Amino acid sequence: MSKVKIQGHASGTGVLTVTAPNTSTDRTITLPDGTGTLLTTDGDGSSLTGTADATKLPLAGGTMTGNISHGDDVKGLYGTGSDLEIYHDGSDSYLKDNGIGNLILKTNGTKINLYDGAQSNTMADFSTNGSCDLYYAGSKKIETTNTGVSVTGTLAATTVTGDGSGLTNLPAAGETAAAWCNVSGNSSIGDSYNVSSITDITTGKHYVNIDTDFSSTNYAIGSCGENNDSFISHIPSKATDKFEVWTTNAGNNSRYDTNSSSIVFGD
């Protein structure tokens with residue numbers, strides 16, 4: 001059986017007291033094998049330190065050689081005010097910035113990649129000093145370049161600003177309609193493009209007023225009536241801001257109000 005020795009200091013006069021707990025349950029202190037000092041403390045016991053244990057991480061820091069497992073809703077907290085949280089709540093994973101500064105993501109590599117769980121589809125690439133690319137189902141759709149943005153596929157937008165002077169590969173002037181309209185009863189617009197209003201002149205005659213004036217009157221107009229007994233007689237006058245349309249009854253060659261459509265090519 002091992003010996004137990006409690007030894008006082010040769011010149012000390014203080015009393016070492018070991019007090020049993022106020023309980024009926026036994027208490028056991030098991031000392032490890034080996035030699036050396038296990039615990040040291042200062043005079044008032046406020047600083048108690050032990051001999052380093054290679055299987056434990058010191059409070060002052062050290063190197064981990066194994067995993068740290070956190071259960072659901074057990075957070076990794078960083079910063080004096082828990083400014084950064086990393087955790088999983090059982091359904092979703094979180095990287096949460098609670099601080100007053102920015103959340104900064106840095107890389108010393110060539111890019112930052114975002115993948116799906118299997119790392120089979122790229123969601124986004126952010127290249128160092130290069131492009132930022134967005135993907136749909138692993139297919140790149142948007143890429144920033146040194147001159148702007150490149151889009152693969154159809155770009156749908158509710159609003160586009162600017163004068164379009166830098167756009168390329170567009171239809172040449174005159175290849176698309178400069179204006180068109182559908183007129184109901186010689187007085188109201190059903191639908192239109194670059195047409196501001198309709199002016200009813202008299203029975204079977206109306207002006208189509210242009211929203212953005214043409215540069216000249218050298219434009220072409222196509223018109224037709226939308227009832228079986230009518231047709232567009234002719235366009236008697238053209239101006240840069242409007243043109244006149246007559247609708248005629250094909251049966252008796254008289255003017256009358258009916259539905260019609262007109263389209264303009266030119267500028």
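A few notes on this one:
- Within region 137-185, if we keep just the residues that are of a type in the set (Ser, Thr, Tyr) and outside any loop (DSSP other than H, G, I, E, B), the residue that is farthest from Ile198 (Cα to Cα) turns out to be Ser139.
- Residue in region 80-88 that is outside any strand (DSSP E or B) and within 28 Å of the chain's Cα centre (by Cα) present: yes
- Per this entry, Ile100 is counted among residues that are exposed (fewer than 14 other Cβ atoms within 10 Å of the Cβ), over 30 Å from Leu57 (Cα atoms) and out of contact with any strand residue (DSSP E or B) (no Cβ under 9 Å at 6 or more places or on another chain).
- Strands (runs of 3 or more DSSP E) wholly inside region 186-267 that include at least 1 residues being under 30 Å from Pro171 (Cα atoms) and among the aromatic types (Phe, Trp, Tyr): 188-193, 205-210, 242-249, 260-265
- Complete set of residues in region 115-125 that are under 18 Å from Val151 (Cβ atoms) and surrounded by fewer than 16 Cβ atoms within 10 Å (Cβ to Cβ): Met123, Ala124
- Taking residues in region 238-256 that are assigned by TED's automatic domain parsing to the domain that holds Thr202 and under 14 Å from Ala178 (Cα atoms), and partners anywhere that are aromatic (Phe, Trp, Tyr) and part of a loop (DSSP other than H, G, I, E, B), the pairs with Cβ atoms closer than 6 Å and at least 6 places apart or on different chains are Thr240/Phe214.
- All conditions in (1) at pLDDT 95 or above; (2) in the same structural domain as Arg255 (by TED's automatic domain parsing) hold for Cys132, with the sole exception of (2).
The values are calculated or read from the model by the stated rules, or taken from the named source; none is laboratory data. Quick caveat, the model's predicted, so the values are computed rather than measured. Glycine gets a Cβ as well: all are built from the backbone with ideal geometry, and neighbour counts include every protein chain shown.
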